[in-house]
Amino acid sequence: MKKTMIFSLALLFSTSVFAGADHYVRKEGGHVQHLKITKQKGDVDVLVDVDFDPTGAETDRPCSAQISGEAKVVSDTELTLKKQAQGEAHYCQLNIKLEGDEARIEESQDCARYFSGGFCRFGSEGKALKKIQ
């Protein structure tokens, strides 16, 4: 019984050692964008969430959206997340480029229309998200 418990604890701790998450953030005015990349046992999961609260001069509506899933590793510095809209034939594709302590996200056209209600954008518009240390 004691050996089984020790083995279980060792297994639990060994899997948590191999799981690592990198966080990237971009804040600009009322726009906050967060990227989380989790690597575990050869799998790469990506979560992108965006929140927008317009300032007094902006006329857009506030919004909050997120998308997540298993990403395809294109290279050491590039990931692709492709997610299908539920019940639709449309996909949101995010191309994530990692450059040192920065990340940039490009989104396909269907992302805004089918995943974020048209106001929020998952793409970083060419601007860098900074890695949180």
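Over the stretch 16-127, the ratio between the Cα radius of gyration and 2.2 N^0.38 Å evaluates to 1.09.
With the simple spin-label model, which puts each label point 7 Å out from Cα in the Cβ direction, the Gln109 to Val32 separation comes to 3.3 nm. Placing pseudo-labels 7 Å out from each Cα toward the beta carbon at Glu99 and Ala85 gives an inter-label distance of 3.1 nm. With K and R counted +1 and D and E -1, the other residues having a Cβ less than 15 Å from that of Ile37 yield a net charge of -1. Could you pull out the pairs from Lys41/Lys127; Lys39/Lys131; Lys36/Lys82 whose alpha carbons sit more than 23 Å apart here? Checking Cα-Cα distances, Lys41/Lys127 exceed 23 Å.
Laboratory data are not the source of any read-out in this text; all were calculated from the coordinates shown. Everything quoted here is computed from the prediction, not taken from an experiment. Counting neighbours? That spans all protein chains shown, and the Cβs are built from the backbone with ideal geometry, glycine included.
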